[in-house]
Amino acid sequence: MKILNASLIICIVFGFISCKNKDKVKKEEKVSQIIVTTPVNPNNTQSDSVSVLKVENYRLHVSFISIGQGIDDETRQKFIDWVNNYPKKIVFEEAFWGREGEADYCFKLSEFSVSEQEDFIKKAKELLLGSNLVNINENVPCSHMK
């Protein structure tokens, strides 16, 4: 019984330690690093060099996905119309991928203050809430950009 209680306490402590603080997440860098190891000399695999590629994170990443029947094009069009008619001009990048119209929309939102960014993201999530064919992420690289 004592071992079970000790195990439970240890699990709870590690659970709290592994959780990220919301404020800490907001302060994270906007650039991720991908480390790639490549041979300096193609004939000599013993000698490796390490290069660091910097991948920029986007404040908002909206991905219209398909599960075999195409994307929710009505919701995508409603979202694009909403973005284009937003009171403030918004710069975004668009990437089409896949065979069924899949598309990513990536927003840096650098033209907005922090509170305006949060407001825009909240409104975007509310608009896209009804579709199960939309993935929304924050502070991530734009996965399908070339």
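None of the figures in this text is laboratory data; all of them are computed from the coordinates on show. Please read these numbers as outputs of a predicted model, since none were measured by experiment. Positions of Cβ are backbone-derived with ideal geometry, glycine not excepted, and every protein chain shown enters the neighbour counts.
Assorted remarks:
- Applying the condition of being free of Cβ contacts under 8 Å to residues at least 60 places away in the same chain and part of a helix (DSSP H, G or I) to the range 119-146 and asking which residue is nearest to Ser63 (Cα to Cα) yields Lys125.
- Members of the range 64-118 found to be among the acidic types (Asp, Glu) and not in a loop (DSSP other than H, G, I, E, B), listed by number: Asp73, Glu74, Asp81, Glu93, Glu94, Asp104, Glu116, Glu118
- Qualifying residue in the range 74-90 (condition: surrounded by fewer than 12 Cβ atoms within 10 Å (Cβ to Cβ) and of a type in the set (Val, Ile, Thr)): no
- Members of the range 102-128 found to be more than 17 Å from Arg76 (Cβ to Cβ) and crowded, with 16+ Cβ neighbours inside 10 Å, listed by number: Lys108, Leu109, Phe112, Gln117, Phe120, Ile121
- Verdict on Phe92 being under 16 Å from the mean Cα position of the chain (by Cα), of a type in the set (Phe, Trp, Tyr) and within 12 Å of Arg59 (Cα to Cα): yes
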